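The values are calculated or read from the model by the stated rules, or taken from the named source; none is laboratory data. Keep in mind the model is a prediction, meaning the values are calculated, not measured. Please note: Cβ atoms are built from the backbone with ideal geometry, for glycine as well, and neighbour counts cover all protein chains shown.
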Amino acid sequence: MDEPTEDRLWWMMCGALTAKALALAAELGVADALGERARPVGEVAGEVGADADTLHRLLRALASGGVFAEEEPGVFRNTEVSQLLRLPDWRAIAHLHGGVWHRAAGELGASGQASFPRAFGTDFWSWLAAHPEERAAFDCAMVTGKDESVQRLMEVDWHDGDVVVDVGGGNGALLVELLRRRPGLRGIVFDLPETERDESLFGDAIEFIAGSFFDDVPAGEAYVLSQILHNWPDERAAAILRTIRAGAPPHARLLVLDSVVGAGNDPYTTTLDLLMLALFASRERDEAQWNGLFAAAGWEPTRIDDGLIEAVCR
């Protein structure tokens, strides 16, 4: 039986409350406290430092959507969905969606302007630089989908000795996994110095170089932009691409791991598009928009698939 129209609208309108409840559960570590067994909510509340009645109300609301399950009144267990909140990257995403992103989304208007500066008095990147704990959460959150991204990169024709520059590479997790699967490659994680990373995981084949992709980039055979360009409006995204083009040798390839908006209004892509609007006045792009962006910056696309775009120097 189809969901009643009113119910569908109601649940969409309640999204902000769900995001906040998920953030609180993640920040308290409820999924970790539950572990592999059902536990009374009062017992869990005492362990995580929450009011028992409030935690019960949060968990039963989340259980209504399949996040946690109430085995009997006041006794909860994890589900496959809530088990994800035991992973650092998913906890970080929940924290951001229910925290700083939640507040920015609440200020979203129809002007085409980013709402984050209005809510916080500065742009998102400057705010992150001034809040190291949030910067660490953001870098951790960006690891989500790493395995899928690496799998897409494995489709590329690599050659031993290729230097892969992960531009805006954050904590380096993407390159670490790529080189684990393709040990003949060498890697450079290129990002701002304040990014949170553990360079002991890099080994001898990966190095970190600090810098801004608006200034210059290290030389390499391939440049990876993983979930970077959608963070910037067209003129700034084109500036990043021009910087890479200026530093790239003629034979270099560009590999963009980003969405390509297609027909059908996929809920993940369309919702992410609104988040990009709220944070940066940016967007998710369709094929025509990607083609225009590359053409303005000296790159020739050779493949535009959802999740992986390849381009070569013009």
- Task: Please note which helices (runs of 4 or more DSSP H) are completely contained in the stretch 16-108 and include at least 1 residues that are basic (Lys, Arg).
- Result: 52-63, 88-98, 100-106
- Of the residues in the stretch 275-294, how many are farther than 25 Å from His97 by Cβ and either crowded, with 18+ Cβ neighbours inside 10 Å or at pLDDT below 95 (or both)? 3
- Item | Failed condition for Leu272, given (1) surrounded by fewer than 14 Cβ atoms within 10 Å (Cβ to Cβ); (2) at pLDDT 95 or above; (3) closer than 29 Å to Leu128 by Cα | (1)
- Query: Which residues, counting only those in the stretch 158-187, are of a type in the set (A, V, I, L, M) and either part of a helix (DSSP H, G or I) or in contact with a helix residue (DSSP H, G or I) (Cβ under 8 Å, 6 or more places away or on another chain) (or both)?
  - Reply: Val164, Val167, Ala173, Leu174, Leu175, Val176, Leu178, Leu179, Leu185
- Give the residue that is farthest from Leu62 (Cα to Cα), with candidates limited to residues of the stretch 18-38 that are touching a His at 6+ places or on another chain (Cβ under 9 Å) and surrounded by fewer than 20 Cβ atoms within 10 Å (Cβ to Cβ). Glu27
- Any hit, the stretch 221-236, residues being farther than 30 Å from Arg182 by Cβ and assigned to a loop (DSSP other than H, G, I, E, B): yes
- Glu70 vs (1) over 25 Å from the mean Cα position of the chain (by Cα); (2) at positive phi: all pass except (2)
